[in-house]
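The structure appears right after this line, and notes come after that.
The values are calculated or read from the model by the stated rules, or taken from the named source; none is laboratory data. None of the values given here were measured: they were computed from a predicted structure. All Cβ positions, glycine included, derive from the backbone under ideal geometry; neighbour counts span all protein chains shown. To get the accessible areas, we keep the full protein, side chains included, count just its heavy atoms, and leave off ligands, DNA and RNA. Shrake-Rupley method; radii C 1.70, N 1.55, O 1.52, S 1.80 Å.
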Amino acid sequence: MPTFAQDTTYAERLGFPRGKKVIVLHVDDAGMSYESNRGAIRATEEGIANSTSVMMPCAWVPQFMTYVKAHPKLDVGIHLTMTSEWPSYRWSPLIGQPAGKGLIDAQGAFWPSVAETVAHASPDEVEAEMRAQIARFRAFGVEPTHMDSHMGTLFQVKFLMRYVKVAIEEKIPALFPGGHAALVSADMKLPDSQRQLARQVGKQLWNAGLPVFDDLDGSSYGWTLPNNGTDPTALRKMKTEKFIDLLNRAQPGLTYVIMHCTEPSANFAQISNSGPTRHGDLLAMLDPTLKAYIQKEGIILTTCRELMERRRGK
């Protein structure tokens, strides 16, 4: 393995030019609803988003996986899910009861929050559920290009090393900011101890033959919307400007930018009040202004599939 300077980004280790911003524009929550499936499809087919991941315990997984099988070049991974946060629409562990009793609340669904999952679930239960979700994905005859964590549950210290273990053993690239972590550290105000742990985990994943991200950002979900998101023109303009600002602030290296693209509908409004911000993410991915900015700045867009191919030296 070649020797790299301490400030060498993982992007450069993977063969991208030094000093370049290399971005995965990633759509979370495919499989959660029909509207989420449509958002992921439109963002990647018509827009500039280039990656997505699927919530395997959710009701609309078969419809999306049928699409995935018909589009084998799509960059699609597993959105490993250990929480069920919407009061009117719930999903449950694939391992069921009693195997996953620590994952399950009084309604028989996943706990609504990360904190509750950490308090009640054991690492063994979480690992078993991760493997069950991976097995279900593969049962559709597709190999995942990567895996990540819904609501960041698996990044919690209690579960982190099981997440790493499963990624290494299953040979699936795992989302993790093991490099400079500039955006995520500023957004989440991570202490130095957590940044050092992140670097150690990054080295472990890299030494196991997997690609590693320098940074990640998931801030778009919380951006304050103009007019509560009711005006699509204002919403698209605001989200596009915010994504441009985010990409401007990103440091050179490999960054995973998380968004949630969903088509609006009366049905989705009954699931979640997050419809407007998800619609805004979709509108931004479809906006020619954002595409033009990325081209003008020389930002390189990549996929998790390409990262693993580069890691294998193909």
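How many percent of the accessible area of segment 172-314 is carbon or sulfur, using a 1.4 Å probe? Write down the numbers at each step before the final one.
Working: 3230 of 6500 Å².
Ligands and nucleic acids excluded, carbon and sulfur give 50 percent.
Averaged per residue, the chain has 43 square angstrom of accessible surface, using a 1.4 angstrom probe with ligands and nucleic acids left out.
Within the chain, helices built from complete DSSP H runs that reach 18 Å or longer along their own axis (Cα positions) and carry a mean Kyte-Doolittle hydropathy of -1.0 or higher are 123-139, 157-170, 232-249. In this simple spin-label model, placing a label point 7 Å from the Cα along the Cα-to-Cβ direction at both ALA99 and ALA234 gives a separation of 5.0 nm. Label segment 31-129 by shape, choosing from rounded, prolate and oblate, from the square roots a ≥ b ≥ c of the eigenvalues of the Cα gyration tensor; if a/c is under 1.5 it is rounded, and otherwise prolate applies when a/b is larger than b/c, oblate when it is not. Verdict is prolate for segment 31-129. Per-residue extension of 0.36 nm, minus the Cα-Cα distance of GLU170 and THR289, leaves a gain of 38.9 nm for this segment. Relative contact order for segment 145-219: 36 percent, from Cα pairs under 8 Å spaced at least 6 residues apart, divided by residue count.
Expressed in nm to one decimal, what extension gain is obtained for the pair GLU297 and GLN194 from 0.36 nm per residue of sequence separation less their Cα-Cα distance? Walk me through the numbers on the way to the answer.
Details: separation 103, 0.36 × 103 = 37.08 nm, distance 3.16 nm.
Stretched fully, the GLU297-GLN194 segment lengthens by 33.9 nm.
Note on ASN273 and ALA115: their simple-model spin labels are 1.8 nm apart, each label 7 Å out from Cα toward Cβ. When the Cα convex hull of segment 46-101 is projected onto planes of every orientation, the mean area is 5.2 nm².
Here each label is just a point 7 Å from Cα along the line to Cβ, and for ARG310 and SER122 those points are 4.1 nm apart. Amide H contacts under 5 Å for MET147: ILE78, ALA174, LEU175, restricted to partners 5 or more places along the chain or on a different chain, H placed in the peptide plane at 1.01 Å from N. Separation of segment 256-280 and segment 1-64 by C-alpha centroid, Å? Spelled out, the Cα-based centre of one part sits 18 Å from the other. Note: relative contact order over the chain, using C-alpha pairs below 8 Å and six or more positions apart, is 25 percent.
Listed by chain and number, the lysines whose alpha-carbon sits under 20 Å from that of LYS165, ignoring those within fewer than 8 places in the same chain, are LYS203.
Shown is the FRET efficiency for HIS71 and ARG136, computed with R0 = 25 Å from the Cβ-Cβ distance and rounded to the nearest 0.05: 0.85. Estimated at the nearest 10 Å², the accessible area of TYR67 is 40 Å² with a 1.4 Å probe. Local charge for LEU197 was computed over the other residues whose Cβ lies under 14 Å away, with Lys and Arg +1 and Asp and Glu -1, and equals +3.
In the calculated pair distance distribution of segment 203-307, what percentage of Cα-Cα distances lie above 18 Å? Counting pairs separated by more than 18 Å, the tail of P(r) holds 54 percent.
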